[in-house]
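Read through the structure below, which is laid out as structure tokens, and then see the notes.
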Amino acid sequence: QLVESGGNLVQPGGSLRLSCAASRTIFSSLDMAWFRQPPGKPRDLVARITTAGISNYADSVKGRFTISRDEVTKRVYLQMNDLTPEDTAIYYCNIYPPENAYWGQGTQVAVSS
């Protein structure tokens, strides 16, 4: 019910926009979030957004990443700017708080020169 896309290989300092397609039921009534799992590390929260559009960010991405939600397309976006190699990870979207049933395949982001 959640499908992530937009990951790619990008050079340091570059930008990407990730997209998460959600069903109407999920999107309309639930807070949404992006998580990431770097190689060999646990999955952590990157950003979350309430149904009212209030957002919060992990300290490591504040000022560089922006989460948004589109009521028309039922998508959640993660705009990522000024990417660094430390941002390399598989990125997942989920509701917030997350539920196991909604973890998808994720989308791979690799930052390397």
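The values are calculated or read from the model by the stated rules, or taken from the named source; none is laboratory data. All values reported here derive from a predicted model rather than from experimental measurement. All Cβ positions, even for glycine, are placed from backbone atoms using ideal geometry, and neighbour counts span all protein chains on display. The protein model used for the area step is the full one, side chains on, heavy atoms only, and it has no ligands, DNA or RNA in it. Shrake-Rupley method; radii C 1.70, N 1.55, O 1.52, S 1.80 Å.
Details
- Selection from the range 10-42 of residues that are within 16 Å of I90 (Cα to Cα), among the small types (G, A, S) and open to solvent by 30 Å² or more (accessible area, probe 1.4 Å): S15, G40
- Every residue from the range 22-51 that is closer than 16 Å to R69 by Cα and within 11 Å of the chain's Cα centre (by Cα): M32, A33, W34, F35, V46, A47, R48, I49
Results for (1) out of contact with any helix residue (DSSP H, G or I) (no Cβ under 6 Å at 6 or more places or on another chain); (2) open to solvent by 40 Å² or more (accessible area, probe 1.4 Å); (3) farther than 18 Å from G6 by Cβ; (4) not hydrophobic (A, V, I, L, M, F, W, C), shown as yes or no for each residue.
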{"residue": "V46", "(1), (2), (3), (4)": "yes, no, no, no"}
{"residue": "I54", "(1), (2), (3), (4)": "yes, yes, yes, no"}
{"residue": "V61", "(1), (2), (3), (4)": "yes, no, no, no"}
{"residue": "Y92", "(1), (2), (3), (4)": "yes, no, no, yes"}
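- Meets criteria (at pLDDT 95 or above, in contact with a helix residue (DSSP H, G or I) (Cβ under 7 Å, 6 or more places away or on another chain) and open to solvent by less than 80 Å² (accessible area, probe 1.4 Å)) for V109: yes
- D82 meets the conditions (1) in contact (Cβ under 8 Å) with a residue 60 or more places away in the chain; (2) within 19 Å of P42 (Cβ to Cβ); (3) not hydroxyl-bearing (S, T, Y) in every case but one. The failed one is (2).
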